[in-house]
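The values are calculated or read from the model by the stated rules, or taken from the named source; none is laboratory data. Source: prediction; values computed, not measured. For neighbour counting, all protein chains shown are included, and Cβ atoms are generated from backbone atoms with ideal geometry for every residue, glycine included. Note: areas computed on protein heavy atoms with side chains; ligands, DNA, RNA excluded. Shrake-Rupley method; radii C 1.70, N 1.55, O 1.52, S 1.80 Å.
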Amino acid sequence: MKDTPLSNCERDFLLKAIEEKKRLDGRQTYDYRKIKITFGSDYGCCFVDLGQTRVMAQVSCELVTPKESRPNEGIMFFNLELSPMASPAFEQGRQSELSVKLNRQLERCLRNSKCIDTESLCVVSGEKVWQIRVDVHTLNNDGNLMDAASVAAISALCHFRRPDVGIQGEEVTVYSPEERDPIPLSIYHMPISVSLAFFQQGTYLLVDPCEREERVMDGLLMIAMNKHREICSIQSSGGIMLLKEQVMRCSKIASVKVSEITDLINKALLNDKTARKAGGRCGFAESIPQERITALKTDQTSVEMTGVGETVSSIVQTAEAPPQKVPSPLLPVPGVGQVGEGMRNTWGVEEEEDGDSSGGDSGEEAVKMEEEQHKEDKSRKVDVVEILDSEEEEEEEEVVILYPETTEKAKNKGSSSGQKGAATSRKQQKK
């Protein structure tokens, strides 16, 4: 499903606002949106909220055979998935150009920068090494997915703990967390990606573009850097020509943002470690009362509560006494109901009695009529006349049922008409 394109009015409005150094959400030119980092109940699960953009990273590990070219090094694998849940423009089971670009940039940012000591992941040289897999899932897309994915991936790697391993001869034993404490990964530095959008052929620059700003931008520059001001990777897209001074200016802006985000990650890791040591709630159990997992939150409205007690007491004092309760209806006699004191309501029985007394004469006449009809039905008899006619070729049988009247004339007429009917039927058969 393709995303809805921007209209010309929206495009002109956005570009005009950028020229006046204004943004839709009220930020300044070099401001990031609010970043929130939370960790799950398991080690290696991290949620990152960058404004309305929401990303989840999950780290897992397994023992595999190393590569022949590097038998003493572990394997790092990164996968970024664009789910249709994040945006209607993303399709399931089909890699788009954006997905391929983000995956490559994430690999350059984390694996090619050598931020993790892969030699520490070796268990048995040439036989067993740890393979660390980082899966990044987009939960909601509101622009700048690369920055959110890089923060979530490096935070999940810092939070992850792999199982401890024991070697006895040729046997490799993996211990559970109950038997031995898990071991954290050896991380040298934390590379973080910073995205900068260019407008009007590089005339205007914005940090952390939102989804609407990404639609009208002319080019995008992604710089991956650590807090030591070491550039890990840099990528430009959009086909615009940037000057040396522009790139240096962007790197200075990125260094400031990277140091701020690194401090935020370290603070979030420290808070999670303190909560786990104290035995407090963390992860999913903590997110329920704080409504972190709910999509719709109720808006709270402040209400004035001063002097409410006095107002209620005055209303209660001046109010009239409540009316007495109506007792439940009583049934002293079948067909008679009593609702209030001294009041009787009747239905059914008395009305039938009045009807019987008033309509006595009409009832006797109705009984006589029924008796007369019954006698007439008994006196009425059904005569069945069977006329048989046999011929050489075929035999047919006809039954004629006649209902004679009570008078003799009717009987004679019925018999004559029956004979005429039989004669006509015979003539038709002969013909």
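Do we find that residue 12 is assigned by TED's automatic domain parsing to the domain that holds residue 151 and either open to solvent by less than 40 Å² (accessible area, probe 1.4 Å) or part of a loop (DSSP other than H, G, I, E, B) (or both) in this structure?
Considered against the rule, which asks whether it is assigned by TED's automatic domain parsing to the domain that holds residue 151 and either open to solvent by less than 40 Å² (accessible area, probe 1.4 Å) or part of a loop (DSSP other than H, G, I, E, B) (or both), residue 12 comes out as no.
Of all the residues that make up the range 26-49, how many are touching a residue at least 12 places away in the same chain (Cβ under 8 Å) and either loosely packed, with under 13 Cβ neighbours inside 10 Å or part of a strand (DSSP E or B) (or both)?
Number satisfying all stated conditions: 11.
Within the range 185-196, which residues are more than 33 Å from the chain's Cα centre (by Cα) and farther than 30 Å from residue 162 by Cβ?
Listed by number, the list holds a single entry, 196.
For the range 146-198, enumerate the residues that are aromatic (Phe, Trp, Tyr) and within 30 Å of residue 14 (Cα to Cα).
If the condition is that a residue be aromatic (Phe, Trp, Tyr) and within 30 Å of residue 14 (Cα to Cα), then 198 is the only one that fits.
Quick one: is residue 236 open to solvent by less than 90 Å² (accessible area, probe 1.4 Å) and part of a strand (DSSP E or B)?
yes
Determine if the range 197-210 includes at least one residue that is at pLDDT 90 or above and acidic (Asp, Glu).
yes
I need the helices (runs of 4 or more DSSP H) fully contained in the range 241-352, keeping only those with at least 3 residues that are modelled with pLDDT of 85 or more, of a type in the set (A, V, I, L, M) and surrounded by 14 or more Cβ atoms within 10 Å (Cβ to Cβ).
244-278
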